[in-house]
Each structure stands twice: as C-alpha cells, then as structure tokens.
1. Determine if the stretch 122-136 includes at least one residue that is assigned by TED's automatic domain parsing to the domain that holds residue 177 and modelled with pLDDT under 95.
2. Is there a residue being part of a helix (DSSP H, G or I) and within 24 Å of the chain's Cα centre (by Cα) anywhere in the stretch 11-26?
3. Could you run through the stretch 107-129 and say how many residues are without any contact (Cβ under 8 Å) to a residue 60 or more places away in the chain and in a helix (DSSP H, G or I)?
4. Take the stretch 77-98 and flag every residue that is surrounded by 20 or more Cβ atoms within 10 Å (Cβ to Cβ), more than 17 Å from residue 178 (Cβ to Cβ) and at pLDDT 95 or above.
5. Can residue 150 be described as under 14 Å from residue 82 (Cα atoms) and either over 18 Å from the mean Cα position of the chain (by Cα) or touching a residue at least 40 places away in the same chain (Cβ under 8 Å) (or both)?
6. Please verify whether the stretch 126-136 includes one or more residues that are more than 14 Å from residue 88 (Cα to Cα) and surrounded by 17 or more Cβ atoms within 10 Å (Cβ to Cβ).
7. Working only within the stretch 130-146, note down all residues that are touching a residue at least 12 places away in the same chain (Cβ under 8 Å) and in a helix (DSSP H, G or I).
8. Exactly one condition in (1) more than 18 Å from residue 102 (Cβ to Cβ); (2) touching a strand residue (DSSP E or B) at 6+ places or on another chain (Cβ under 9 Å); (3) surrounded by fewer than 16 Cβ atoms within 10 Å (Cβ to Cβ); (4) at pLDDT 80 or above is false for residue 260; which is it?
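The values are calculated or read from the model by the stated rules, or taken from the named source; none is laboratory data. Treat the numbers as computed from the prediction; the structure is a model and nothing was measured. Please note: Cβ atoms are built from the backbone with ideal geometry, for glycine as well, and neighbour counts cover all protein chains shown.
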C-alpha cells in the first residue's frame with residue numbers, strides 16, 4: 001500500500017529543465033540567498049514570540065483523560081512548559097469522518113521525547129466526549145496523551161485546530177502563544193520536505209511552473225469542487241487521492257488491519 005497518490009512515470013510532464021552541474025549550482029546559490037534571509041526572518045519572529053506577554057488562566061479546571069477528570073495543571077507532568085494540539089472533533093462521526101487536517105497533524109506528533117528533554121510536556125486536547133475520543137485514539141494507535149476538554153472555556157477548550165503553549169509557575173498557569181491554520185504547519189515535517197521537491201505538495205493553490213502537473217490534487221467528488229484540493233486529506237487503500245466511499249484520512253491506512261469503510265463524515269451527514 002502506498003500513501004502517496006500517483007505512480008512512477010519517466011515521462012512526467014513539466015519536469016525541470018536539464019542543465020550541467022555548474023549551471024545548477026549557480027541557480028541553487030541564488031536561491032540560497034533568499035533561503036538564508038527567510039531563516040533570519042524566522043529567527044527574528046521566534047525572538048519576538050518569546051517576548052510576547054502572557055495571560056493567566058485557571059489551572060485547576062478539569063479535563064478528562066484515561067484516568068478520569070484531572071486538573072489542567074496535571075498535563076504539565078511536573079515540567080514548566082506545555083505544548084498542546086487542540087484537535088477538532090465531530091460528535092458521533094465514525095473514525096474516518098474526523099478532521100483530515102487534525103488527523104494529519106496529530107500523526108506527526110507521536111513522540112515528544114525531545115520536547116520532554118527540554119522540559120516541555122505535550123498533550124492533545126479535543127472537545128469530543130471521552131468515550132468517543134478513547135475509541136478513536138485506540139483505533140489510530142496514538143501514543144501521546146489525549147484529553148477531552150468538553151465544556152471547558154477557551155483557551156484550554158473553545159475553538160479547536162490550534163497549537164497552544166503554556167507556562168507553569170508553581171500552581172499558576174499562563175497562556176503564552178497560540179496559532180492555527182498554516183501556523184500549525186511546523187508540526188508536519190512531511191509538508192516541509194515536499195516543499196523541497198520539484199512537484200511540491202501537489203495542492204491546487206501552489207504556484208507551479210507552466211506544464212507542471214498537480215499530481216496529488218483531489219478533483220472529482222471533492223466538496224469544494226476541486227479548487228482547493230489537499231492531497232493528504234483522503235485516499236483509498238491503494239493510496240489514490242479520493243473522496244470516495246472507501247476513503248479516509250491518509251494516516252489511518254497505516255493502522256494494521258485497516259479495511260475499507262462505507263461511511264464518511266458526520267453521523268447522518270454526507271459530504
């Protein structure tokens with residue numbers, strides 16, 4: 001089973017022009033100037049992020065995990081910092097009907113040992129009822145701690161689809177940073193690597209050279225009409241991008257014994 005749409009083809013249209021190594025190196029060095037400027041600006045933004053003010057919140061508010069209700073403060077696991085991913089949730093949806101983007105993000109956050117080594121804990125929060133969340137986590141094979149924040153006010157609960165950072169000072173808890181949308185992309189190393197390749201992510205919004213195919217775009221049957229396709233959203237068991245009745249978010253196919261399913265989306269709702 002492949003997790004990437006399309007197949008090998010030596011006659012792909014729109015390939016980069018062929019040049020000698022010296023010509024390639026000149027073009028590469030020219031781009032490197034822009035890349036270094038981008039890196040320096042990213043460092044400056046990170047420095048500004050570290051200088052943001054913070055807001056205090058109630059660390060005793062309870063969230064629900066595998067051991068029942070626990071105070072939010074417990075998610076720090078004794079460390080001073082905490083990063084959470086706030087996973088969107090559709091009540092009553094089958095496993096393959098949960099958020100495609102959140103599914104992908106959570107899959108790239110399977111191991112936090114390096115965060116832990118820097119004194120940072122990690123957890124995934126979602127607004128789903130715990131019985132549904134627990135079954136989903138088991139199906140997906142996630143190893144990070146998950147908690148239901150159903151009924152909890154923002155910024156611990158509230159709108160999902162965010163990465164949020166918290167700081168602990170004794171028993172006091174503070175929100176220091178929060179981002180969403182493409183701000184979540186640093187988690188997904190696959191996207192950054194694809195950005196280095198000649199065919200990119202294969203998404204319809206990308207700026208491609210003339211004749212370069214959008215190899216991974218979902219077109220037929222896409223609820224948005226194919227204009228804003230994201231290849232990683234859904235595929236069938238053969239790795240073909242699709243929104244068909246046997247598709248699911250790509251990471252779910254890596255689960256041992258995963259089989260095609262016939263239902264999509266929320267209970268009683270079809271895309």
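1. Checking the stretch 122-136: at least one residue is assigned by TED's automatic domain parsing to the domain that holds residue 177 and modelled with pLDDT under 95.
2. no
3. Adding up the residues that qualify gives 5.
4. 89 - this is the single residue of the stretch 77-98 that is surrounded by 20 or more Cβ atoms within 10 Å (Cβ to Cβ), more than 17 Å from residue 178 (Cβ to Cβ) and at pLDDT 95 or above.
5. It is false that residue 150 is under 14 Å from residue 82 (Cα atoms) and either over 18 Å from the mean Cα position of the chain (by Cα) or touching a residue at least 40 places away in the same chain (Cβ under 8 Å) (or both).
6. Checked against the condition, which is being more than 14 Å from residue 88 (Cα to Cα) and surrounded by 17 or more Cβ atoms within 10 Å (Cβ to Cβ), the stretch 126-136 yields no hits at all.
7. Within the stretch 130-146, 130, 132, 133, 134, 135, 136, 139, 140 meet the criteria.
8. Of everything listed in (1) more than 18 Å from residue 102 (Cβ to Cβ); (2) touching a strand residue (DSSP E or B) at 6+ places or on another chain (Cβ under 9 Å); (3) surrounded by fewer than 16 Cβ atoms within 10 Å (Cβ to Cβ); (4) at pLDDT 80 or above, residue 260 misses just condition (4).
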